[in-house]
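The values are calculated or read from the model by the stated rules, or taken from the named source; none is laboratory data. This is a predicted model, so every value here is computed, not measured. With ideal geometry, Cβ positions are generated from the backbone for all residues, glycine too; neighbour counts draw on all protein chains shown. Areas reflect the complete protein model, heavy atoms only, side chains present, ligands, DNA and RNA absent. Shrake-Rupley method; radii C 1.70, N 1.55, O 1.52, S 1.80 Å.
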Amino acid sequence: FALVIVAHVLIILASRTVGIMSGTKKPGDFFPSRKVVDQNTFILRVSASHANCLENFPLFAAVVLTNEAYGSADVDFLASCYFGFRLLQVFFHLCGVTDTLITVRFYSFAPQLVLLITMALRTAATLSV
């Protein structure tokens, strides 16, 4: 998961470096992606996807690390499925912002939420025993 976040940063960094080095952009020309209404360009979608990953990573990490620290329930398969759905969400996020892609992106997010809750409940159940 952390590598996906780093990949987002590298793509944004490369784009900004190329813009500055080619003289088409000034260092002050870049603005936060959350303030942009029209996200039809690839780098703005990468920025939004990156922010989305940053919002979800702490929840995933908290559940998995708590589980690992206390030797709780086996959630490896669930965590792998979560990560797979996260990669699908990132992929569809980068593909565009059509209604269909946004819907598909939601359908790759919903299972993540179910998996995260399931992992948290399994971890909590083994901690209370």
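Miscellaneous remarks
- Filter pass, F109 being without any contact (Cβ under 8 Å) to a residue 40 or more places away in the chain and within 29 Å of T41 (Cβ to Cβ): yes
- Any chance F85 is touching a helix residue (DSSP H, G or I) at 6+ places or on another chain (Cβ under 6 Å) and buried (at least 16 other Cβ atoms within 10 Å of the Cβ): yes
- Test: A110 is part of a helix (DSSP H, G or I) and modelled with pLDDT under 90: no
- Comparison of F77, F91 shows that the only residue that is part of a helix (DSSP H, G or I) and within 21 Å of V9 (Cβ to Cβ) is F91.
- Count of segment 25-63 residues which are farther than 25 Å from V75 by Cα, at pLDDT 80 or above and polar (S, T, N, Q): 3
- Boolean, T123 is over 22 Å from T41 (Cα atoms) and open to solvent by 30 Å² or more (accessible area, probe 1.4 Å): no
- Restricting segment 44-72 to residues that are over 15 Å from the mean Cα position of the chain (by Cα) and β-branched (V, I, T), the residue that is least open to solvent (accessible area, probe 1.4 Å) is V63.
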